[in-house]
């Protein structure tokens, strides 16, 4: 019988699948974060060279050469069967908008969320008009951040201390609600240290073991990245 604390990134991410359209620097950053979390990822690009370079960097990724402006090509590749699609291309703008429209409203599309990359305010407005659920502006850092958010919806902020250790600010996960820090014993069960907890505007630093976590409150924890990723995601 599984205990309440026995959780892993793979178990959580098995429920969701992701497609990345466009594997430039931004798209690769998103792919890497998703793959590191054990998510199912499909990467597509119209450039064979770009796909070959991605396969060299991430041999485990499922990557295909696809014309993202062709609805049937995206359907055959499996893009329209994914839960979330990230349209990581930005130019030409027509291709970005067309791909967003197809994955959002294509015949038989199962896509629940479309996140598109924009290069200008006008581009952002056009993407939203054709159905993008969220529009972001490009940078490698945002690509990494987006990948984290997709597999850890309750992650608010992350501060990297070095290559292996981080401080994460997260919304209190549902399995933790109503439990005291003593009951959870996060240091023993997850090997993370609690730095603060409580409502966003009134965090209690170094909270006592008797502190009970509440829905909607925040939890600030420190530890090794791999251990932090084992915390519940919702």
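Details
- Residue among 133, 162, 183, 168 that alone is within 26 Å of residue 25 (Cβ to Cβ) and without any contact (Cβ under 8 Å) to a residue 12 or more places away in the chain: 162
- Helices (runs of 4 or more DSSP H) wholly inside the range 119-214 containing at least 2 residues that are in the same structural domain as residue 38 (by TED's automatic domain parsing) and over 20 Å from the mean Cα position of the chain (by Cα): 121-129
- Scope the range 90-116; condition modelled with pLDDT of 90 or more, under 24 Å from residue 148 (Cβ atoms) and surrounded by 17 or more Cβ atoms within 10 Å (Cβ to Cβ); matching residues: 96, 99, 100, 103, 104, 111, 113, 114, 115, 116
- Test: residue in the range 37-53 that is within 16 Å of residue 132 (Cα to Cα), surrounded by fewer than 19 Cβ atoms within 10 Å (Cβ to Cβ), without any contact (Cβ under 8 Å) to a residue 40 or more places away in the chain and more than 21 Å from the chain's Cα centre (by Cα): no
- Residue match in the range 81-89 (condition: more than 18 Å from the chain's Cα centre (by Cα), part of a loop (DSSP other than H, G, I, E, B) and either in the same structural domain as residue 25 (by TED's automatic domain parsing) or surrounded by 21 or more Cβ atoms within 10 Å (Cβ to Cβ) (or both)): no
- Evaluation of residue 114 against (1) in a helix (DSSP H, G or I); (2) within 15 Å of residue 22 (Cα to Cα) (one fails), failing number: (1)
- In the range 117-128, the residues that are farther than 17 Å from residue 85 by Cβ reach residues that are buried (at least 17 other Cβ atoms within 10 Å of the Cβ) and at pLDDT below 85 with C-beta atoms within less than 8 angstrom, at least six apart or across chains, in these pairs: 119/90; 119/138; 123/90.
- Subset of the range 54-80 [assigned to a helix (DSSP H, G or I) and in contact (Cβ under 8 Å) with a residue 12 or more places away in the chain]: 54, 57, 71, 74, 75, 77, 79, 80
The values are calculated or read from the model by the stated rules, or taken from the named source; none is laboratory data. Remember, it's a predicted structure, so these values are computed and weren't measured experimentally. When we count neighbours, we look across all protein chains shown, and the Cβ atoms used for this are built from the backbone with ideal geometry, even at glycine.
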